[in-house]
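Quick note: the coordinates plus some simple rules give every number you see, no bench work behind them. Please read all numbers here as calculations on a predicted model, not as lab measurements. Ideal geometry is used to build each Cβ from the backbone, glycine not excepted, and the neighbour counts take in all protein chains shown.
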Amino acid sequence: MSTADHNNSQTDETAVLPNETAESEETVTEEAPPETEAAEPVAKDVTEEAQPETEEDALPVGTPDSPASETPVADSSEKDTPKADSKEKQLPEWVILVGILAVAVIAGLIIFLSGSGGDSIKKPADNKPADTNTPPPAVSIDYSQKGITDKKLASLVETGKIPADVTHLTLNDNLISDLSPLAGLPNLRELHIGKNKIEDLSPIASMTGIGILTLSNNKIKDITPLQSLNKLTVLDLSNNKISNINPLSSVTSLKMVILIGNERLTDANLEALRGKLPGCIVKNEE
C-alpha cells in the first residue's frame, strides 16, 4: 500500500469516528433523562420521609422545649397519687347517710324539748287536784238522746269513750239513774244530765270542780250532796220533787239557782235562800 492510500484510510477512519462519537453521545443523552426522572421521585420520597410527622418530632431531642426532656412516668405518677389518696380518704355513702340521720334526730330532739316537749314535761301538773287555779284544756263530749242506760254509761267511761280528762259532758234525755261512773272524772267542769231518771245525787259530792250543773226533769228529792260543791255557780234543779233547799245556803259561790216546777217548795223557803245568798238569783217562776 502506498503512502497516499494509507493516509486516505486514516482520514476515512477519522471521519467515521466523529459520527460514532456523536451517535454515542446522542445515545447517552437520550438515555440519561429517564435516569434523572427516576431519581427525582426517589429524592422526593426521601425528602418526604425526612419531614417530621408532628411538631413534637420536629423539636430536637434533649432540648428544653422538647417533650422528650420531660419524664412522662414521673408526671403520671404525680397526677395519679392525689387521686389514689382522695379515694382512700373518701367515706362510704352509708357512713355519710348515718351521720345525716344522726344530725336530724338530734335536731328533732332539741326542737321537741324546747317547744312541744315542754307540754309533755308539764303533763304531771294536769294531774293535780281539780281545785288548782290552772284549769285543764277543755274536752267536750255530748251523748244526748242516745238511749244510754246505767250499764252503757259505765261502759263508755271504762272504754275511754268518755275520757277521764273530759271537762264538759252532756247526757241529756237518756235513761240514766246511777251517777257513780261519773265520780271518776276529776276534771269535770260542766255536767248536763237533765231529763233522765236520777234520784240519788251522792256520787256528785266528790265532783268539787263542777261549776255548772243541770239536773232538771229528774226525780230528785234530796239535794244535800250538793253542799260540798264550792265552785258551783249555776244550778238548774227545775221540775224535780225538791221540798228542802237549805243545803244550798252553804254554797256561797252560787250566782243562779233555777227551781221552777218544784211544787213542794214554799215561798218561805225561797225567801230564806235569797237571804242567805244575797248575790244569787233564785228563780222559781218562768
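For the residue pair V98 and S253, what label-to-label distance in nm results when each label sits 7 Å from Cα along the Cα-to-beta-carbon direction?
5.9 nm
On a 19 Å Cα-Cα criterion, which of the cross-link pairs K195/K219; K146/K195; K151/K221; K255/K276 come out too long? Don't skip to the end; give the middle numbers.
On the way: K195/K219 9 Å; K146/K195 12 Å; K151/K221 23 Å; K255/K276 12 Å.
In this structure, K151/K221 exceed 19 Å between Cα atoms.
Please arrange L215, L270, L91 by counting, for each residue, the other beta carbons lying within 10 Å of its beta carbon, fewest first. Display every interim value, and only then the final one.
On the way: L215 26, L270 18, L91 8.
With the sparsest Cβ surroundings first, the list reads L91, L270, L215.
Once the Cβ-Cβ distance between K152 and E199 is put in as r, and R0 is 22 Å, what FRET efficiency do you end up with, to the nearest 0.05?
It comes out at approximately 0.75.
Taking amide hydrogens as modeled 1.01 Å from N in the peptide plane, which residues meet the under 5 Å criterion relative to I162, leaving out close sequence neighbours?
V157
Using the Cβ atoms and a cut-off under 13 Å, what net charge is assigned to the surroundings of K283, where Lys and Arg are +1 and Asp and Glu are -1? Walk me through the numbers before you get to the answer.
On the way: positive: K255, R274; negative: D236, E285, E286.
Every neighbour counted, the sum reads -1.
Can you tell me how much longer the chain between A272 and N246 gets when fully stretched, taken as 0.36 nm per residue apart minus their C-alpha distance, in nm with one decimal? Could you put the intermediate results ahead of the total?
Details: separation 26, 0.36 × 26 = 9.36 nm, distance 0.82 nm.
So the extension gain works out to 8.5 nm.
Can you compute the radius of gyration and Dmax for the range 134-283, using only the Cα atoms, both in Å?
Cα only, the range 134-283: 15.0, 47 Å (Rg, Dmax).
Can you compute the modelled spin-label distance between R264 and Q227, with each label point 7 Å from Cα toward Cβ, in nm?
Using points 7 Å along Cα→Cβ, the separation is 1.7 nm.
In nm, to one decimal, how far is the V139 label point from the A107 one, both placed 7 Å along Cα→Cβ?
Placing both labels 7 Å along Cα→Cβ, they lie 3.4 nm apart.
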